[in-house]
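Let me begin by presenting the structure, written as C-alpha cells, before commenting on it.
The values are calculated or read from the model by the stated rules, or taken from the named source; none is laboratory data. Here the structure is a predicted model, which is why all the values come from computation and not from measurement. Note that we place each Cβ from the backbone using ideal geometry, even for glycine, and neighbour counts take in every protein chain shown. These area figures cover heavy atoms from the full protein model, side chains too; ligands, DNA and RNA do not enter into them. Shrake-Rupley method; radii C 1.70, N 1.55, O 1.52, S 1.80 Å.
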Amino acid sequence: MVDQGNEAEQTENRGERKRVGTWGNPRMWKKPTLTQIFLTIFLLGMVVYWVGTLVQMFSSFEDRVSGRIHLQDITSIAVTRTAKGAADGVKVTVTDKAKIAEIMSAFADVKLRSSDASRNYTNRYSIQIDVNNYLRFSIELDDQKYIYIFDHDRKDKYSSGSFKIINHYDMHSIEGLFP
C-alpha cells in the first residue's frame, strides 16, 4: 500500500530531477585539465589552418591579375605561342586598346584552383602584360587547362602561383592573334 503523505510528495517532485555530483551544482564546476586546454587550442589551430588553406586554394584571374591593375594602364600585351618540342615560338605584340580589352575580358571570369604546372601540353602561350611601359605580369598558359601567373611588382609569397583552370573560357582572343 502506498502512504497518502508519500503520494502527495511524489506528485510534487515528479517534474524535478535530483542533482548529483559537481556538475549538478551551479556554483561548482570542474576545472579543465592542462591536457584539455592544449588539445582545444591545438584543434582550433588546425581548423584555422585548414580553413585558410581552402580559402587560398581557390582564386580567379580577377583576383590575381585584373584586380591589381587598371585596364586603361595596360600599354601592351605580348603573346608568344610555342608548340611542344619547338625551340622558338611565334610572337605577337598587341598595343591596340580595343584588342587589349578583348583579351583581358576573355580571362575576366576564369576561375582557378592551386595546382602544379602541366608538363603535358600541345601549345603553350607566354603572355607578358606591360603596364605603363613596364613589365608587370608574366603568364604561361598551357592548352586552356593550366596557368602560371607571376606578378613582377609583388615581393611576397603571393607574387606567383600555378593554377588549374576549373571553368571554360573563350580562348579565341588569344588564338586569333596568330595566322
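Is the shape of the stretch 71-179 best called rounded, prolate or oblate, per the rule: a/c under 1.5 gives rounded, else a/b larger than b/c gives prolate, else oblate, with a ≥ b ≥ c the square roots of the Cα gyration tensor eigenvalues?
Because its axes are fairly even, with a/c under 1.5, the stretch 71-179 counts as rounded.
Multiplying the sequence separation of ASP109 and THR122 by 0.36 nm and subtracting their Cα-Cα distance, what value in nm do you get? Present the calculation step by step, with values, prior to reporting the outcome.
On the way: separation 13, 0.36 × 13 = 4.68 nm, distance 2.35 nm.
Separation in residues times 0.36 nm, less the Cα-Cα distance, equals 2.3 nm.
So how much accessible area does HIS152 have, in Å² to the nearest 10, using a 1.4 Å probe?
Approximately 50 Å² of HIS152 is accessible to the 1.4 Å probe.
With +1 on each Lys and Arg Cβ and -1 on each Asp and Glu Cβ, and nothing else charged, work out how big the dipole of the stretch 103-179 is about its Cα centre, in Debye to the nearest 20. Spell out each step's value before the answer.
On the way: 10 positive and 11 negative charges, 59 e Å.
The dipole of the stretch 103-179 has a size of about 280 debye.
To the nearest 10 Å², what's GLU62's accessible area with a 1.4 Å probe?
80
Want the number for MET171 to ASP143: 0.36 nm per residue separation, take away the alpha-carbon distance, what's left?
Numbers: separation 28, 0.36 × 28 = 10.08 nm, distance 0.92 nm.
Stretched out fully, the MET171 to ASP143 stretch lengthens by 9.2 nm.
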